[in-house]
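Student: First the structure, then my questions, so here it is.
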Amino acid sequence: MQQTLDPKKYSYDITEKEAQTYWENNHCFSATLDTNKEKYYCLAMFPYPSGKLHMGHVRNYTISDVIARFQRMLGKNVIQPMGWDAFGLPAENAAIKNQVAPHNWTLSNIEYMKNQLKTLGFAYDWEREVATCDPNYYKWEQWFFIKLYEKGLIYKKNAEVNWDPIDQTVLANEQVIDGRGWRSGALVEKRSIPQWFLKITDYAEELLTSLDTLEEWPEQVKTMQKNWIGKSIGTQIDFSIDQSNLSAADFEALPATLTVFTTRADTLYGATYLAVAAQHPIARHASETDEDIKAFIETCNTLKTAESEIAKLEKKGVKTPFFAIHPLTGEPLPIWIANFVLMSYGSGAVMSVPAHDQRDWEFASKYGIPIKEVITPNEDENSDITSAAFTSMGRLINSDAFNGQSSEEAKINITEKLESLGVGKKEVNFRLRDWGVSRQRYWGTPIPMINCNQCGSVPVPESDLPVVLPTDIQYTADGGSPIKKMDSFSKTNCPKCGESAVRETDTFDTFMESSWYYARFCCPKEADAMVNSETNYWCPVDQYVGGIEHAILHLLYARFFHKLLRDSGLVNSDEPFKRLLCQGMVIAETYFQEDSQGKKTYFSPSEVTLNKDSKGRVTDAVLTETQEPVTIGGIEKMSKSKNNGTDPQSLIDQFGADTVRLFIMFASPPDQSLEWSDAGVEGAHRFLKRLWRTTLELLDGHQTEPLNPSQFDSASLNEQQKNLRRKTHTTIKKVRDDYGRRQTFNTAIAATMELLNEIQQLPTLDSSGSNTNRLIKFEAIESILLLLNPIVPHISHCLWFALGHKTPIIDEPWPKVDEAACTLSSMKLVIQVNGKVRAQLEVDKNTDKGTIEGLALQQENIRKFTGDKSIKKIIYVPGKLLNIVAK
Ligand code: ANZ
Ligand code: ZN
């Protein structure tokens, strides 16, 4: 039974419940394979079940929901799944804090958040819901890991890792911010432990080149990925170690050559020293007999953090007693150890050219090393190497046979020369490193490996999968993983030799689960395979929506996984996500008080009153309760730490989901930041009330059948009526483009709001007593409901039925544009006399040539120029001009 609708009371709560119940009972969003329709896979990045939704989630999911509903109206077979990125640190730390097992805690969060998503009316196919902590999900990840292991794409190695002493875990480089753990803020230490790696570097070239096929990705994201992969073409050069003065021990311990990687082979003659990383074997050997070197290396090891950090360090180094021989001049060059050389890039050693590399210049200036200029600028540039390095390309000088060549030529020629001498070759380097997937945390997918004393690492046999993570555990406050001490989990037998052995107790990086969930959503219940043919029907994702914070890692790993799946014959496309939209942040004003120690306490905007001057400008802010002053701290991303978040739930309760959805889509284009404004929310709510009232008033209380707009004769409409029709149909056209190509939903909403204004301009009863005005208004209202349906699906569902329709708006196609109604009904003509413009004339489009001639000749200015001349000829270019030839 439907509610009785009062134009004066927009009862969003009943309306929304009613629509949601309808969708649920009728399985409106269950996606099934249909090869007769074009498929459309719309996906938003799934959330961590961290407790409750925040505004960032609501924005993300509203955007993708609007796109999904819009595509459905275009006639596509739409799938929009949702699930939970349920493993990982946030859930685990919260579980420690609240003294509940991560499993239970996660499941209850899922339940709560799922309910929130439902009240927002998102068109998800809940039958496809997947939580990554479900063994039915991670079983296939374990299975795939073993497949990759068998293919040689996985290896174990001892690796130095960033160790977070508070979270007790290994951090990826990008989880280290200014030398501290991204979550804990603790100073990160270095440790070396055995870990599993995925050979993403085998795919570096393809991950780079196929970025070019992603035409509907933001350029910014592609650039970030390119830089992260960091392909660099250059030359590898072998410098032989000068053995003339080496002791027997040094001779024994040192390698014969020191290899460097350079992108500037043209500067080879300018190399005045070589520099190696603190972890380089030559450095290590030198430290054995020299305390200063040893001390320097130790400071490097504790200081070492992310690459970007190293770039900012003050350049420091120590000289070793060793020399290397320049491959072309035979000159001995001193070998230094320098803090800016990375062991993990190239060969961990560089040839230093202080005249042409700023870093080398600073280092050489500091330690009194010679600076030798070998590149002279082209005409349009200057160089003064006494004040800074000249780093551009130019022409070679002081370079023997290569003098006069351009940098570009010399790079090739010098590399060829080295190659012919057998001491160098062309080389491609990538910044991208293999992906270390081992985590020493509990709440993750167990790595399906067994360590046997005899056989080494042995994969768990397929028939024993999944290796189930015990959920019945004692969580200790120290944060260590409970399964590490749990014999019932770790003790097992070797699948190969049968002897007792231990399981791997590390778990996967949670980026593993999020790398293939989009594929599993296509066949979430498949029991016999990781993915099946349905995955190929739905994939690739047509529209992916998520935060820019995932621009690099998540998107790179998912692209990598997709290629791995492809090369295992599991999917048949090359890329997982065709079009990408990165939504902007949700931001809001911050307020704080500062104590004498400079510690800031932040107050929620809801606790603050703003004082304003007579012009309405904010002068200051006080706490509402105590009237104590607070500092206005500026607009920042909504966050717990700044206490400037708005709880979506309280807004939904107060205004309804449609208001929240409308405000979010209206306040700014999706890729830009959205500044929170209570006034904006109220404005959105008022608009919906107005839509409600306008629609219901038009019905006059007793609509049973939908009015039929085709009952009016579009040719005999008056100007006012034609105007509204024109507005209706140009709006339909514009909104489609805004939703689809431009993805500027805010302008789509603005256009629809204008249309509602125009509806209100036209009286419902026309003077002649005919029903035409009502019919035209009806057509406009119907269009508004259809156009806004993706954004405010509840109110449009309800009002659509109120208009007398028997089928739900959710099954309606996008409205058709009446092109004839779009065109202006009058036209402007230019009137010429003997080819000169003398007047303009506005007439109805259907006016015939004879009438136009008559009207033109009556124009005063035309009469002036035709005067007593006789009209020889009149040329009419329809819709454009009329030329009167008079003599
Ligand atoms: C000599 C030289 C002369 C260089 C010059 C630059 C300018 P990309 O483009 O990032 O690949 N390099 C090589 N290995 C390094 C390492 N492990 N740690 C730190 N720096 C390293 O940069 C390549 C350049 O970075 C190389 O070219 C090398 O310095 C340095 F006028 O060699 B060049
Ligand atoms: Zn064994």
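Student: Does region 600-650 hold any residues that are of a type in the set (D, E, K, R) and more than 26 Å from Ser50 (Cβ to Cβ), and which are they?
Tutor: Lys612, Asp613, Lys615, Arg617, Asp620, Glu625, Glu628
So that you can scan it fast, the table gives a plain yes or no per residue for (1) at pLDDT below 95; (2) under 40 Å from the mean Cα position of the chain (by Cα); (3) over 25 Å from Val188 (Cβ atoms):
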{"position": "Asp250", "(1), (2), (3)": "yes, no, yes"}
{"position": "Thr263", "(1), (2), (3)": "no, yes, yes"}
{"position": "Thr272", "(1), (2), (3)": "no, no, yes"}
{"position": "Glu307", "(1), (2), (3)": "yes, yes, no"}
{"position": "Ile310", "(1), (2), (3)": "yes, yes, no"}
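Student: Here's a follow-up. What is the residue count in region 440-467 for residues that are touching a helix residue (DSSP H, G or I) at 6+ places or on another chain (Cβ under 9 Å) and surrounded by 13 or more Cβ atoms within 10 Å (Cβ to Cβ)?
Tutor: Total satisfying the criteria: 16.
Student: Ok, one more. Here is a list of conditions, (1) assigned to a helix (DSSP H, G or I); (2) touching a residue at least 40 places away in the same chain (Cβ under 8 Å), and Leu707 meets all of them except one; can you say which number that is?
Tutor: For Leu707, the exception is condition (1).
Student: Can you spot a residue in region 757-777 that is at pLDDT 95 or above, under 26 Å from Glu16 (Cα atoms) and within 33 Å of the chain's Cα centre (by Cα)?
Tutor: no
Student: Since Arg284 meets every condition but one in (1) within 30 Å of Val170 (Cα to Cα); (2) in contact (Cβ under 8 Å) with a residue 12 or more places away in the chain; (3) out of contact with any helix residue (DSSP H, G or I) (no Cβ under 9 Å at 6 or more places or on another chain); (4) charged (D, E, K, R), which condition does it not meet?
Tutor: (3)
Student: Thr730 fails exactly one of the following numbered conditions: (1) of a type outside the set (D, E, K, R); (2) more than 20 Å from Ala820 (Cβ to Cβ); (3) surrounded by fewer than 19 Cβ atoms within 10 Å (Cβ to Cβ). What is the number of that condition?
Tutor: (2)
Student: Within region 329-351, does at least one residue satisfy the condition of being under 40 Å from the mean Cα position of the chain (by Cα) and over 26 Å from Asn162 (Cα atoms)?
Tutor: Yes; the residues of region 329-351 include at least one that is under 40 Å from the mean Cα position of the chain (by Cα) and over 26 Å from Asn162 (Cα atoms).
Student: I would also like to ask the following. Just a yes or no: is a residue in region 37-54 among the polar types (S, T, N, Q) and out of contact with any Pro (no Cβ under 9 Å at 6 or more places or on another chain)?
Tutor: Taking region 37-54 first, the residues among the polar types (S, T, N, Q) are 50.
Those left that are additionally out of contact with any Pro (no Cβ under 9 Å at 6 or more places or on another chain): none.
No, the conditions are met nowhere in region 37-54.
Student: Related question: How many of the residues in region 90-149 are outside any helix (DSSP H, G or I) and farther than 25 Å from Gln20 by Cα?
Tutor: Residues in region 90-149 being outside any helix (DSSP H, G or I) and farther than 25 Å from Gln20 by Cα: 6 in total.
Student: Out of region 557-573, which residues are farther than 12 Å from Pro540 by Cα, among the aliphatic types (A, V, I, L, M) and in a loop (DSSP other than H, G, I, E, B)?
Tutor: Leu570, the sole residue that qualifies.
Student: In the list Thr320, Thr289, Thr272, Thr267, which residue meets the criterion of being without any contact (Cβ under 8 Å) to a residue 60 or more places away in the chain and either within 16 Å of ligand 1 (Cβ to nearest atom) or buried (at least 16 other Cβ atoms within 10 Å of the Cβ) (or both)?
Tutor: Among Thr320, Thr289, Thr272, Thr267, only Thr320 is without any contact (Cβ under 8 Å) to a residue 60 or more places away in the chain and either within 16 Å of ligand 1 (Cβ to nearest atom) or buried (at least 16 other Cβ atoms within 10 Å of the Cβ) (or both).
Student: Can you name the residue in region 158-167 that is over 13 Å from Gly88 (Cα atoms) and within 29 Å of the chain's Cα centre (by Cα) and, of all such residues, is modelled with the lowest pLDDT?
Tutor: Pass one, region 158-167, residues over 13 Å from Gly88 (Cα atoms): 158-166.
With within 29 Å of the chain's Cα centre (by Cα) added as a condition, the list becomes 161-164.
On the way: Val161: 78, Asn162: 84, Trp163: 87, Asp164: 86.
If we take residues in region 158-167 being over 13 Å from Gly88 (Cα atoms) and within 29 Å of the chain's Cα centre (by Cα), then Val161 is modelled with the lowest pLDDT.
Student: Would you be able to say whether some residue in region 482-499 is within 18 Å of Trp196 (Cβ to Cβ), loosely packed, with under 15 Cβ neighbours inside 10 Å and either in contact with a strand residue (DSSP E or B) (Cβ under 6 Å, 6 or more places away or on another chain) or of a type outside the set (Ser, Thr, Tyr) (or both)?
Tutor: yes
Student: Another one. Which members of region 827-847 meet the condition of being exposed (fewer than 14 other Cβ atoms within 10 Å of the Cβ) and modelled with pLDDT under 85?
Tutor: Of everything in region 827-847, those that are exposed (fewer than 14 other Cβ atoms within 10 Å of the Cβ) and modelled with pLDDT under 85 turn out to be Lys828, Glu842, Asp844, Lys845, Asn846.
Student: When you scan region 255-264, how many residues do you find that are surrounded by 20 or more Cβ atoms within 10 Å (Cβ to Cβ) and either of a type in the set (A, V, I, L, M) or part of a helix (DSSP H, G or I) (or both)?
Tutor: 2
Student: Tell me, yes or no, whether region 676-686 has at least one residue that is assigned to a helix (DSSP H, G or I), touching a Ser or Thr at 6+ places or on another chain (Cβ under 7 Å) and closer than 20 Å to Asp738 by Cα.
Tutor: Just the residues of region 676-686 that are assigned to a helix (DSSP H, G or I), to begin with: 678-686.
Filter once more, keeping what is touching a Ser or Thr at 6+ places or on another chain (Cβ under 7 Å): 681, 684-685.
Among the residues that remain, those that are also closer than 20 Å to Asp738 by Cα are: 684.
Within region 676-686, one or more residues are assigned to a helix (DSSP H, G or I), touching a Ser or Thr at 6+ places or on another chain (Cβ under 7 Å) and closer than 20 Å to Asp738 by Cα.
Student: How many residues does region 583-611 contain that are surrounded by fewer than 16 Cβ atoms within 10 Å (Cβ to Cβ) and either under 29 Å from the mean Cα position of the chain (by Cα) or among the aromatic types (Phe, Trp, Tyr) (or both)?
Tutor: 1
Student: Something else now. Can you work out which of the residues in region 471-496 that are assigned to a loop (DSSP other than H, G, I, E, B) and within 19 Å of Lys156 (Cβ to Cβ) is farthest from ligand 2 (Cβ to nearest atom)?
Tutor: The residue in question is Ser481.
Student: Let me ask you something else. Exactly one of (1) free of Cβ contacts under 8 Å to residues at least 24 places away in the same chain; (2) more than 11 Å from ligand 2 (Cβ to nearest atom) is unmet by Leu465. Its number?
Tutor: Here Leu465 clears every test but (1).
Student: For region 374-405, which positions are among the charged types (D, E, K, R) and part of a strand (DSSP E or B)?
Tutor: Arg395
Student: Are any residues in region 419-455 part of a strand (DSSP E or B), of a type in the set (S, T, N, Q) and within 16 Å of ligand 2 (Cβ to nearest atom), and if so, which ones?
Tutor: Result: Asn451, single match.
Student: Let me ask you something else. Please go through region 411-439 and give me each residue that is surrounded by 21 or more Cβ atoms within 10 Å (Cβ to Cβ) and hydrophobic (A, V, I, L, M, F, W, C), ordered by number.
Tutor: Of everything in region 411-439, those that are surrounded by 21 or more Cβ atoms within 10 Å (Cβ to Cβ) and hydrophobic (A, V, I, L, M, F, W, C) turn out to be Ile414, Leu418, Trp435, Val437.
Student: Evaluate the following for Val458: is it assigned to a strand (DSSP E or B), over 39 Å from the mean Cα position of the chain (by Cα) and at pLDDT 95 or above?
Tutor: It is false that Val458 is assigned to a strand (DSSP E or B), over 39 Å from the mean Cα position of the chain (by Cα) and at pLDDT 95 or above.
Student: Regarding region 729-740, can at least one residue be identified that is in a helix (DSSP H, G or I), in contact with an Asp or Glu (Cβ under 6 Å, 6 or more places away or on another chain), within 27 Å of Ala68 (Cβ to Cβ) and touching a residue at least 12 places away in the same chain (Cβ under 8 Å)?
Tutor: Yes, region 729-740 has at least one match.
The values are calculated or read from the model by the stated rules, or taken from the named source; none is laboratory data. If you're wondering where the values come from, they're calculated on a predicted model, not measured in any experiment. Cβ coordinates were reconstructed from backbone atoms using ideal geometry, including for glycine residues, and neighbour counts include every protein chain displayed.
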